[in-house]
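Remarks on the structure that follows.
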Amino acid sequence: MTPRSYDALVFDFDGTLVDSDEALVVAFEQLGVERSTVTFGHAIGEELDRLGLALDDYAEAYDVEVVRAFDGVDRVIPQLGRWAVCSNKHPVSATAELTRLGWHPEVALFAEDFHWAHKSVAPILDLLGLTADRVAVVGDSEGDLRCALEVGCDMYWAGWNPRVPDDPEVGTVLSRPAQLLELYR
């Protein structure tokens, strides 16, 4: 890998830094949703609307204690330079998980910050005071790629998530979290 170098990295949260698939699905199941109908990478408000569920009910059903960092991520986080989180996750559960994990991104925006619609990296860039060419997006879904492309950031795929494609059309797949450290100037 011959990566470019960046001043900051903007991370998706679920599926990129933490392995949360099971926790997300279990909360939906508790609300009567069939496991096979749950999809990933959407704004939580959009997914709840699609499934006909109330936001408060979902937030109450979600267990903030079960999500764990992907193997290696917890060792890399303390070594990161400037970093931010841009996530479709409910802010209550996201904040609780960041606190429990002891992670402190410079900026963290969640579903409520985007009015429950799909997230955007643009306000993160503004808050960091950086332009898109100085920042890379790290994620696991087409929604993350869309966020990167909307503002002109490079995209790196969290290849430690088994759902990430091996050879995406756009972006670079990182195979292990330690490679994140190579992306800083």
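Here are a few things to note about the model shown:
- Per-residue Karplus couplings for segment 16-29, computed as 6.51 cos²θ - 1.76 cosθ + 1.60 with θ equal to phi - 60°, are listed in order as 10, 8, 10, 8, 10, 3, 5, 4, 5, 5, 4, 4, 5, 4 Hz, Gly and Pro entered as x.
- Ranked by the mean number of other Cβ atoms within 10 Å of their residues, highest first, the peptides 48-55, 134-141 come out as 134-141, 48-55.
- Taking a Cβ cut-off of under 10 Å around A132, the surrounding Lys, Arg, Asp and Glu residues balance to a net charge of -2, with basic ones at +1 and acidic ones at -1.
- A simple spin-label model places pseudo-atoms 7 Å from Cα toward Cβ; at D126 and V26 they are separated by 3.8 nm.
- Spin-label pair E112-E169: with each label point 7 Å from Cα along the Cα-Cβ axis, the two points sit 3.7 nm from one another.
- Sequence-ordered 3J(HN,Hα) estimates for segment 64-76 from the Karplus curve with 6.51, -1.76 and 1.60 and θ = phi - 60° stand at 6, 8, 9, 6, 10, 5, 4, 3, x, 5, 4, 7, 7 Hz, glycine and proline given as x.
- Rounded Å value of the spacing that divides the Cα centres of segment 70-106 and segment 140-175: 18
- Table column - 3J(HN,Hα) (Hz), segment 127-143, Karplus curve with 6.51, -1.76, 1.60, x for Gly and Pro: 5, 7, x, 10, 9, 4, 6, 9, 9, 10, 9, 10, x, 10, 9, 4, x
- Check: segment 1-46 dipole with +1 on Lys, Arg Cβ and -1 on Asp, Glu Cβ, in debye: 160
- Compared with the alpha-carbon gap, the fully stretched path from R4 to R35 is longer by 7.2 nm at 0.36 nm per residue.
- Residues in segment 137-168 that a label on E182 would reach, taking backbone N under 20 Å of a point 7 Å out along Cα→Cβ: 137-140, 154-162, 164-168
- Relative to the current alpha-carbon distance between A54 and D133, full extension at 0.36 nm per residue lengthens the span by 24.6 nm.
FYI, it's all coordinate maths here, none of it is from the lab. Since we're looking at a predicted model, the values are computed, not measured. Glycine also receives a Cβ, built like all others from the backbone with ideal geometry; neighbour counts cover every protein chain displayed.
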